[in-house]
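Engineer: Handing you a structure now.
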Amino acid sequence: MKRLIFISICLLTIMSLVVGCGASKKVTRIDPEEVTDLSGRWNDTDSRLVSQEMIRDCLNHPWINEHMTAKAKKPAIIVGSMRNKSSEHIAVATFVNDIERAFINSGQVNVVSSAGDREELRSEKDDQRVFASPDTIKQMGKELGAGFMMTGEVNTIVDQEGGEKVTFYQVDLTLTNIETNVKVWLGQKKIKKFIARSKYS
């Protein structure tokens with residue numbers, strides 16, 4: 001009986017090794033701009049497309065013309081907090097970067113560094129005062145103050161029954177005049193995804 005158990009264990013071990021060796025993985029490089037959606041969750045495509053569409057809408061509203069008329073120069077914008085209130089993990093830092101990129105690529109605004117980045121830049125300027133040659137030192141007090149701040153949040157509603165699920169995303173962005181606290185633009189983007197899983201998968 002013991003010998004039979006031993007033989008069975010050996011056979012199972014050999015079979016698992018054969019199956020493991022037979023499994024293969026294939027990696028294919030694809031265009032980062034290509035739309036991909038494997039899991040149905042928020043992904044890089046959603047982040048990029050939502051940021052591009054919403055910033056394009058933001059820059060096509062009266063606030064920017066009013067600013068240009070009053071100040072005769074491009075507005076300075078800082079991207080503030082982006083809160084993830086959804087039911088899943090969202091790479092908020094990537095979304096912030098996509099928003100900043102869309103603003104910068106438009107050529108219509110100046111984007112000011114975040115609070116954390118500014119501290120690092122100030123530390124570098126302070127360091128230059130000691131170690132850099134006088135003709136290359138960057139002066140303190142030359143920073144561009146932001147006139148507007150963009151903030152936002154991402155929410156989700158999930159509806160699921162059996163192997164079918166619908167996930168509804170709502171992204172809300174707000175652009176506020178920092179000096180007056182007046183909201184000059186409110187943007188909203190909705191995405192709805194239907195995910196159907198086969199009962200045999």
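Engineer: If you check Ala72, Ala91, Ala115, which single one turns out to be at positive phi, free of Cβ contacts under 8 Å to residues at least 60 places away in the same chain and open to solvent by 40 Å² or more (accessible area, probe 1.4 Å)? Steps first, answer last, please.
Structural biologist: Numbers: Ala91 fails: at positive phi; Ala115 fails: at positive phi.
Every option except Ala72 fails the conditions.
Engineer: Only one of Lys138, Lys125 is exposed (fewer than 15 other Cβ atoms within 10 Å of the Cβ) and not β-branched (Val, Ile, Thr). Can you tell me which? Working first, answer last.
Structural biologist: On the way: Lys125 fails: exposed (fewer than 15 other Cβ atoms within 10 Å of the Cβ).
Being exposed (fewer than 15 other Cβ atoms within 10 Å of the Cβ) and not β-branched (Val, Ile, Thr) holds for just one of Lys138, Lys125, which is Lys138.
Engineer: Okay, next question. So in segment 37-83, with the set limited to residues that are within 21 Å of Glu143 (Cα to Cα) and in a loop (DSSP other than H, G, I, E, B), which one is nearest to the chain's Cα centre (by Cα)?
Structural biologist: Among them, the one singled out is Pro75.
Engineer: Taking the condition open to solvent by 50 Å² or more (accessible area, probe 1.4 Å), out of contact with any Asp or Glu (no Cβ under 8 Å at 6 or more places or on another chain) and under 24 Å from Pro62 (Cβ atoms), does Ile178 pass? Steps first, please.
Structural biologist: Numbers: open to solvent by 50 Å² or more (accessible area, probe 1.4 Å): yes; out of contact with any Asp or Glu (no Cβ under 8 Å at 6 or more places or on another chain): yes; under 24 Å from Pro62 (Cβ atoms): yes.
Here the answer is yes, as Ile178 does meet what is asked.
Engineer: On to the next question. Given the condition open to solvent by less than 40 Å² (accessible area, probe 1.4 Å), polar (S, T, N, Q) and within 23 Å of the chain's Cα centre (by Cα), answer yes or no: does some residue in segment 142-162 qualify?
Structural biologist: Yes, segment 142-162 has at least one match.
Engineer: Would you confirm whether or not segment 149-156 contains a residue that is farther than 30 Å from Ala102 by Cβ, among the charged types (D, E, K, R) and in a strand (DSSP E or B)?
Structural biologist: Our first condition is that a residue be farther than 30 Å from Ala102 by Cβ; within segment 149-156, this holds for none.
No, segment 149-156 contains no residue that is farther than 30 Å from Ala102 by Cβ, among the charged types (D, E, K, R) and in a strand (DSSP E or B).
The values are calculated or read from the model by the stated rules, or taken from the named source; none is laboratory data. This structure is a prediction, so every number in the text was calculated from the model and none was measured. We place every Cβ from the backbone using ideal geometry, glycine too, and count neighbours over all the protein chains shown. SASA here: full protein model, heavy atoms, side chains in, ligands and nucleic acids out. Shrake-Rupley method; radii C 1.70, N 1.55, O 1.52, S 1.80 Å.
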